[in-house]
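Reading through the structure tokens given below for one structure.
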Amino acid sequence: MGRVALVTGGTRGIGAAIARALKDAGYAVAANFGGNEEAANAFAEETGIPVYRWDVSDYDACAEGVARVEADLGPIEILINNAGITRDAFLHKMTPEMWRAVIAVDLDSVFNMCRLIIPGMRERGFGRIVNVSSVNAQKGQMGQTNYAAAKAGMIGFTKSLAQEVAAKGITVNAITPGYCETDMVRAVPEKVLNERILPQIPVGRLAQPEEIARAVLFLVDDDAGFITGATLAINGGQYMA
């Protein structure tokens with residue numbers, strides 16, 4: 001059996017593509033999900049990847065979930081922090097609940113999962129962590145102060161943790177996908193997509209989830225040990241830092 005990889009938010013969209021790619025590459029994969037049990041069960045049946053339900057914003061739930069995964073598959077050596085939600089609104093209309101929900105799921109979850117898994121990685125002298133941020137963490141986006149703040153926080157977290165654990169054989173990197181052909185983007189009105197989003201992307205199209213997954217495969221490989229603290233933009237040229 002290959003190295004054990006856990007993908008949060010791993011049964012739909014970008015997370016599902018990453019989980020599939022990891023399995024195809026020989027990793028033993030577990031996919032976490034938060035709410036859509038029907039979609040998760042369909043994903044598990046289609047791929048053979050075991051799925052585990054818990055709330056990544058809840059530290060104790062994460063501890064219980066990690067324990068279940070490790071009891072079933074073994075020590076987690078690769079962690080993909082992909083879980084995320086949006087609660088979009090201009091700031092003058094955003095409620096405290098909308099702010100807190102996004103910060104909890106998108107950013108607190110990264111602390112929860114890393115805090116639980118890092119000790120084992122340090123003991124074993126190996127680990128790969130990839131945090132799935134967003135192009136909007138780098139360029140900002142109207143109506144997404146909560147989301148952009150959470151995703152930008154992931155980048156700072158990545159750089160700091162990377163420095164802490166580099167000498168232990170653990171790499172920590174972030175990716176910042178642009179607009180990708182997922183359910184979330186497909187829900188955008190076609191007029192908005194064609195007139196406001198696609199013209200911002202020099203390559204002229206949305207990303208495919210599999211393109212994001214291929215970048216993750218590169219970063220988690222045993223041979224990628226000299227890449228850490230990096231932020232890899234995968235946005236079709238939409239934002240060039």
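A short reminder: the numbers here are calculations on the coordinates, not readings from a lab. None of the values given here were measured: they were computed from a predicted structure. When we count neighbours, we look across all protein chains shown, and the Cβ atoms used for this are built from the backbone with ideal geometry, even at glycine.
So the check is Cβ under 7 Å with 6+ separation or different chains; which pairs have a first residue in the stretch 151-163 that's farther than 17 Å from V135 by Cα and a second one that's among the hydrophobic types (A, V, I, L, M, F, W, C) and buried (at least 19 other Cβ atoms within 10 Å of the Cβ)?
L161/C114; L161/V172; A162/V172
Among the residues of the stretch 69-78, write down those that are crowded, with 16+ Cβ neighbours inside 10 Å and part of a helix (DSSP H, G or I).
V69, E70, L73
Restricted to the stretch 171-209, and to residues that are of a type in the set (G, A, S) and surrounded by 11 or more Cβ atoms within 10 Å (Cβ to Cβ), which residue is nearest to the chain's Cα centre (by Cα)?
The first filter runs over the stretch 171-209 and keeps only residues of a type in the set (G, A, S), leaving 174, 178, 187, 204, 207.
Still in the running and surrounded by 11 or more Cβ atoms within 10 Å (Cβ to Cβ): 174, 178, 207.
Working: A174: 9, G178: 13, A207: 16 Å.
Filtering the stretch 171-209 for residues that are of a type in the set (G, A, S) and surrounded by 11 or more Cβ atoms within 10 Å (Cβ to Cβ), the one nearest to the chain's Cα centre (by Cα) comes out as A174.
Residues are listed down the side, and each one gets a yes or a no for (1) of a type in the set (G, A, S); (2) in contact with a Gly (Cβ under 7 Å, 6 or more places away or on another chain); (3) free of Cβ contacts under 8 Å to residues at least 12 places away in the same chain:
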residue: N36; (1), (2), (3): no, no, no
residue: A63; (1), (2), (3): yes, no, no
residue: A89; (1), (2), (3): yes, yes, no
residue: H92; (1), (2), (3): no, no, yes
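What strands (runs of 3 or more DSSP E) lie completely within the stretch 1-67 and have 1 or more residues being surrounded by fewer than 18 Cβ atoms within 10 Å (Cβ to Cβ)?
51-53
In this structure, does L232 turn out to be closer than 24 Å to L22 by Cβ and part of a strand (DSSP E or B)?
Working: closer than 24 Å to L22 by Cβ: yes; part of a strand (DSSP E or B): yes.
Answer is yes for this residue.
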